[in-house]
Amino acid sequence: MSTLEEKSAIDQNKQVVIRFNEEFFGKGNTEITKEVLAENFVNHSAPPNAPTDASPMIKFVTGFYNGFSDISVQILDIFGEGDKICVRKTLTATHTGEFMGKQATGKKLVTNIFDIEVLKDGKITERWNSTDFPQVFQGL
């Protein structure tokens, strides 16, 4: 693959990841997983003893949208090399409903997130995630 072809493939993969973030995390559209995640998708950051498919992510986002409002995802950096796309983003929201057993506090949540996504044929096949959400949520 030429350098120009590699750049084009990386740019296309970036667009898939941006769309996934905007739709799934930014709008709570869980149906987007059927479009952008491969059938053999593996979430390497799934909670212990949880399935490594998309189901824990879908459950989290569905619950998050029930417990928070004013949700916004801002991509701060996005880099690509080969089949990997790395994203640094911030998610902000207001805690207006019950989430994970915690009643609404009305407080604003700001969490920092780093993702590494692997793509093949325009679909996300693997995902690693690091976030300060547990510490931030605990402080609400």
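Scanning region 65-86 for residues that are of a type in the set (Gly, Ala, Ser), at pLDDT 95 or above and not in a strand (DSSP E or B) yields one hit, Gly67. In the set (1) under 16 Å from Gly26 (Cα atoms); (2) touching a residue at least 40 places away in the same chain (Cβ under 8 Å), Leu140 fails one condition alone, (1). Does Ile124 meet the test of being assigned to a strand (DSSP E or B) and either of a type outside the set (D, E, K, R) or closer than 14 Å to Asn21 by Cβ (or both)? Answer is yes for this residue.
Mind telling me which of the residues Ala9, Ala50, Ala54, Ala46 ends up being over 24 Å from Val110 (Cα atoms) and surrounded by 15 or more Cβ atoms within 10 Å (Cβ to Cβ)?
Ala9
Taken over region 38-64, residues that are without any contact (Cβ under 8 Å) to a residue 12 or more places away in the chain, in a helix (DSSP H, G or I) and either closer than 19 Å to Val136 by Cα or in contact with a Leu (Cβ under 8 Å, 6 or more places away or on another chain) (or both) amount to 1.
Of everything listed in (1) modelled with pLDDT of 95 or more; (2) within 15 Å of the chain's Cα centre (by Cα); (3) surrounded by fewer than 17 Cβ atoms within 10 Å (Cβ to Cβ), the single unmet condition for Asn40 is (2).
Restricting region 88-107 to residues that are in contact with a strand residue (DSSP E or B) (Cβ under 7 Å, 6 or more places away or on another chain), assigned to a strand (DSSP E or B) and not β-branched (Val, Ile, Thr), the residue that is nearest to Phe60 (Cα to Cα) is Phe99. Is region 93-107 home to any residue that is modelled with pLDDT of 95 or more and within 12 Å of the chain's Cα centre (by Cα)? Among the residues of region 93-107, not one is modelled with pLDDT of 95 or more and within 12 Å of the chain's Cα centre (by Cα), which makes the answer no. As a summary of the residue check, Gly63 satisfies the conditions (1) closer than 21 Å to Gln15 by Cβ; (2) within 15 Å of the chain's Cα centre (by Cα) except for the one numbered (1).
If you go through region 12-37 and keep only what is exposed (fewer than 14 other Cβ atoms within 10 Å of the Cβ) and assigned to a loop (DSSP other than H, G, I, E, B), you end up with just Glu31.
The values are calculated or read from the model by the stated rules, or taken from the named source; none is laboratory data. Note that the structure is predicted; figures quoted are calculated from it, not measured. No Cβ is skipped: glycine too gets one built from the backbone with ideal geometry, and neighbour counts run over all protein chains shown.
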